[in-house]
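Each remark here refers to the structure printed beneath this line.
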Amino acid sequence: MGRAFEFRKERKFKRWAKMAVQFTRIGKDIVIAVKEGGPSPETNSRLRTAIQNAKAVNMPKDRVDAAIKRASDKSTAGYEEIVYEGYGPNGVAVLVETATDNTNRTVANVRSYFNKCNGALGKTGSLDFIFKRVSSFRFAPGDLDLEELEFELIDAGLEEIFVEANEEGEDEVVVHAAFEDFGKMQKALEEKGIEVKQAKLERIALSHTEVNEEQAADILKLLDKLEDDDDVQAVYHNMAE
């Protein structure tokens, strides 16, 4: 079936084995949220979102509570959020979101991954014309009337709503709103009693780069290296599927 298929299959199994990595990344999100807005999810929307996402990946409540307690300690160092942009092999755009307590380590690691995979880091903002930042929410469709829901969410900044299968093959409703409407959309969904499985700010590619099987395999090697790094929170690319 080709090298790219094998790489995709291998990455799928690795995702299933990455629960501990997910916990670590959400733990960082919790620390950042608490440092910014305090330990109460009722008054801290970013923390409320991080807790929602923790539930979505079955992160134990005691780990969530421990992360909040640790972040509440003023002696606990926070994390700096830095975005790196560059091009992987064959001209595919790659954007990397990180949260780090050592920027020198992080930039050195990220640069080395690009270099080893025949890519190169670019300047901050160099990929603004390729990636759009949006507010993204996922939840089970249940008995919801999506046409009616679409109409009701327009005032909250709805840009699009559609159904998509998650990694387990289950249908989920995906709602996208403008980056600046994250809080407004989150509040609107909460008021409707919708249990959000995942809420985040993510990047969507506005254009895509076509590659063949061999080229796709090379790009996936870079994506794997980046995703395996402890300082990396998310990786986006514009490689056509």
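Could you work out the helix-only [θ] at 222 nm for the chain, with each DSSP H run of four or more residues adding -39,500 (n - 2.57) and the total divided by the number of residues, to the nearest 500 deg cm²/dmol?
-13500 deg cm²/dmol
Roughly how many debye, to the nearest 20, is the charge dipole of the chain about its Cα centre, given +1 on each Lys and Arg Cβ, -1 on each Asp and Glu Cβ, and no other charges?
The dipole magnitude comes to about 1340 debye.
How do 115-126, 168-179, 31-42 rank on mean C-beta neighbours within 10 Å, highest first?
31-42, 168-179, 115-126
Quote the relative contact order of the stretch 29-104 in percent (integer), defining contacts as alpha-carbon pairs under 8 Å separated by 6+ residues.
Values: 86 pairs, mean separation 19.8, N = 76.
Here the relative contact order equals 26 percent.
Compare the Cα positions of VAL174, VAL232, ALA50 along the charge dipole of the chain (+1 at Cβ of Lys, Arg; -1 at Cβ of Asp, Glu; about the Cα centre) and return the one farthest towards the positive end.
VAL232
Decide, for the stretch 131-205, between rounded, prolate and oblate: order the square roots of the alpha carbon gyration tensor eigenvalues as a ≥ b ≥ c, take rounded if a/c falls under 1.5, and otherwise choose prolate if a/b is larger than b/c, else oblate.
Because a/c hits 1.5 or more and a/b fails to exceed b/c, the stretch 131-205 counts as oblate.
Report the calculated FRET efficiency for GLU167 and GLU190 (r = Cβ-Cβ distance, R0 = 35 Å), to the nearest 0.05.
That gives a FRET efficiency of 0.90.
PRE reach from ALA77 (point 7 Å along Cα→Cβ): which of the stretch 93-125 fall under 14 Å by backbone N?
Taking a point 7 Å out along Cα→Cβ of ALA77, the residues of the stretch 93-125 whose backbone N falls under 14 Å are 99-107.
For THR209, list long-range residues whose amide hydrogen, built 1.01 Å from N in the peptide plane, is under 5 Å from its own amide hydrogen.
Distant-sequence amide H within range of THR209: MET239, ALA240.
When the chain is fully extended, how far beyond the present Cα-Cα distance does ASN118 get from GLU152, taking 0.36 nm per residue of separation?
Here the answer is 7.5 nm.
Quick query: amide H of PHE131 versus all other amide H atoms, modeled in the peptide plane; which residues come in under 5 Å with a sequence gap of 5 or more or a different chain?
LEU206
Report the extension gain between GLU180 and GLU214 in nm, rounded to one decimal, defined as 0.36 nm multiplied by the number of residues separating them, less their alpha carbon distance.
Extra length available between GLU180 and GLU214 comes to 8.4 nm.
Roughly how many percent of the accessible protein surface of the chain is carbon and sulfur, given a 1.4 Å probe and a whole-percent answer? Walk me through the numbers on the way to the answer.
Values: 6440 of 13180 Å².
Taking all protein chains in place, the chain shows 49 percent carbon and sulfur surface.
Considering only C-alpha atoms, what is the centroid distance from the stretch 168-216 to the stretch 39-75, in Å?
One Cα centre to the other: 21 Å.
How high is the relative contact order of the chain, in percent, counting Cα pairs under 8 Å that sit 6 or more residues apart?
Details: 372 pairs, mean separation 56.7, N = 241.
The normalised contact order for the chain reaches 24 percent.
Hey, what do the phi angles of the stretch 145-155 turn into as Karplus ³J(HN,Hα) couplings, whole Hz, using 6.51/-1.76/1.60 and θ = phi - 60°, x for Gly and Pro?
Result, rounded to whole Hz: 8, 5, 5, 5, 4, 4, 5, 5, 8, 4, 5.
Using a 1.4 Å probe, what is the accessible area per residue for the chain, in Å²? If you can, show how the numbers build up before the last one.
Details: 13180 Å² over 241 residues.
Ligands and nucleic acids excluded, the figure is 55 Å² per residue.
Give me the one-decimal nm value for the distance between modelled label points at THR103 and ASP128, 7 Å along each residue's Cα-to-Cβ direction.
The two pseudo-label positions are separated by 1.9 nm.
The values are calculated or read from the model by the stated rules, or taken from the named source; none is laboratory data. Here the structure is a predicted model, which means the values were calculated and not measured. Note that we place each Cβ from the backbone using ideal geometry, even for glycine, and neighbour counts take in every protein chain shown. Surface areas here come from the heavy atoms of the whole protein model, side chains and all, with no ligands, DNA or RNA. Shrake-Rupley method; radii C 1.70, N 1.55, O 1.52, S 1.80 Å.
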